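Below is one structure, written out as structure tokens; the observations come after it.
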Amino acid sequence: INRPRGFDMSTWGEWLGLSSSEGATRTAENGAASSGKGETGSSSNAAAADDKAVEEVRKALESGAGVDAHEHHMVYDGKEVDETEFKQSAFAEYASMVGMDVMNMSLSLPIYCFEPSTVLSRMSETFEFAHLLNTAASQTDPAMKHAYVAAFIVSSYAHSAVRTLKPFDSVPGETFEMHQPEIGVRYVAEHVRDEPRSLSIGYCEGQGWSFTEDVQAKAVFHGNSLEISNDGHRKLIFDNANDGPEVLSWLYPSTNVCNLFLGGTYIDHHGELTVRNHSTGMRIVMRFTQSGWFESGRFEVKGAVVGENDQALVLLEGKWNEYLVAKKPQKTDAGETETDMETDLWRANDHVDKSSAWNFTKLAKSYFDARGEEELARLPLTDSRQRRDVSLLFQGRSGDSSDARSKVLFKQNARKNADGGVDAESKVRYFKKVDSELAHTDWDFAGTYWDDIASLTPEQRLAQALF
């Protein structure tokens, strides 16, 4: 990666593609907030664009043109589905929902739109490269510590690059746990509610760090795409033995699911992301490039680790599906600024299981490899692995999976009616509500999950059954 000699590191905002006036201001908030939402002019322009997109999709589908081969062939009980026919009927149903948040709508999606995963298991996949946080925790150079945090954040998107099918919605009370004992990492998540805004909470811990996230997503339908935004928080704590805990937090930028009806469907993460170190004042600022015509700029990410004096300490560049590298700026004898040798922070390598019909990563595939009777007996009956609809779909039994999914939803609705309007947040088992102003997140881990699961009596375990 070539950098111009004399590159002024104080203008790191320009390096990220921001104007000089934006460099110190727009990065104060996440890029998700920079799209102009809430402004009258922007809203009317967006509505006009949505209407235009709907009309274009309608005409193309009526003519039978523009429907490219899907990344994953839609299959139902071993037979390929007529994708053009499906898209025509689906669009007829969803066209009236343009501009609306469809995240929690009861949409009648057929089973071949799903992959055998759940919202919670997909959340855990963002920790596929959690060893990067172990590496970050061991760094003595604060700038490189933050560079490895940036690498972890970028790597958390890698699993989504070739996954365009929908995970099964988790139901309130559902949980999921993941262990990577070889790197000392364990994770647990719990789904809290579906409405008014879907809420799932996760916690992960490794060697010298812990991480909490609350996922509060919405998905706005724009005719041929979905714009997914997440108002939830991400909080990372480094347990520095001598200096006390170090707290970092951030929000994620937007995600678009593009070409739902016309063209080949793909995922595009784009916008600005700022990580704030509330203990030291350092920041990580990254910009995820939005894919342009002919996929120009797709996957690209640039960033910088920025010190308290607003100077770039490390430059970052890569692709969120492949790699991230770092370079440190150095002053020459002539007073010019150039960068030193690259440091490879992260590479995805061959993390996708080539034998998977679902383009699963090796981590996602491992969730099914460990589904013996002994493993299922150890897991609580709230764990996603206990869901028959997911396991049946993985086995290729689409029809049986669809029936099992209907039973899961029926039981969920029955529990909801029996609760009589009880606040879902009051039933959370493994997390606790906290003051976001003080804790930098809305929820924290209660710390009892693994002890509680290990001490369940057979009667208590059975009473928790969801599926």
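For this structure, a couple of remarks:
- Backbone amide hydrogens, once placed in the peptide plane, bring Thr361 within less than 5 Å of Asp353, excluding anything fewer than 5 places away on its chain.
- Around the amide H of Tyr430, modelled in the peptide plane, lies no amide H under 5 Å away from a residue 5 or more places distant or on another chain.
- Scalar couplings 3J(HN,Hα) for the stretch 218-229, obtained by applying the Karplus form with A = 6.51, B = -1.76, C = 1.60 to θ = phi - 60°, are 9, 10, 9, 8, 10, x, 10, 8, 10, 9, 9, 10 Hz; x denotes Gly and Pro.
- Centroid-to-centroid, using Cα positions, the stretch 399-467 and the stretch 209-234 are 20 Å apart.
- Excluding ligands, DNA and RNA, the accessible surface per residue across the stretch 186-320 is 34 Å² with a 1.4 Å probe.
- For the stretch 93-149, diffusion coefficient by Stokes-Einstein and Kirkwood Rh (Cα), 20 °C, 1.002 mPa s, µm²/s: 140
- Loop GluC sites (Glu not before Pro), the stretch 125-231, which have at most 12 other Cβ atoms in a 10 Å radius of their Cβ (DSSP): none
- The stretch 321-467: relative contact order in percent, alpha carbon pairs under 8 Å with at least 6 residues between: 17
- Dimensionless Rg ratio for the stretch 313-467, taking C-alpha atoms and the 2.2 N^0.38 Å reference: 1.59
- Too-long pairs where the Cα-Cα distance tops 32 Å, listed order kept, from Lys362/Lys433; Lys52/Lys218; Lys354/Lys433: Lys362/Lys433; Lys354/Lys433
- Near-label residues of the stretch 384-399 by backbone N, under 17 Å of a point 7 Å along Cα→Cβ of Glu375: 384-396
- Backbone HN-Hα couplings from phi across the stretch 191-206 [Karplus 6.51/-1.76/1.60, Hz, Gly and Pro as x]: 8, 9, 7, 9, 9, x, 9, 3, 9, 10, 10, x, 9, 9, 9, x
- Subtracting the Cα-Cα distance of Gln311 and Thr140 from their residue separation scaled by 0.36 nm leaves 59.6 nm.
- Near the amide H of Glu174, within less than 5 Å, lie the amide hydrogens of His191, all on another chain or at least 5 residues away, with H placed in the peptide plane.
- Solvent-accessible area assigned to carbon and sulfur over the stretch 269-420 amounts to 48 percent, based on a 1.4 Å probe.
- Proximal lysines to Lys411, defined as alpha-carbon separation beneath 18 angstrom and excluding residues fewer than eight positions away on the same chain: Lys427
- 3J(HN,Hα) couplings calculated from phi for the stretch 282-287 with the Karplus curve 6.51 cos²θ - 1.76 cosθ + 1.60 (θ = phi - 60°) are, in sequence order, 6, 9, 10, 10, 9, 10 Hz; Gly and Pro show x.
The values are calculated or read from the model by the stated rules, or taken from the named source; none is laboratory data. No experiment lies behind these values; they were computed from the predicted model shown. Please note: Cβ atoms are built from the backbone with ideal geometry, for glycine as well, and neighbour counts cover all protein chains shown. Side chains are part of the model used for accessible areas, which takes the heavy atoms of the whole protein and leaves out ligands, DNA and RNA. Shrake-Rupley method; radii C 1.70, N 1.55, O 1.52, S 1.80 Å.
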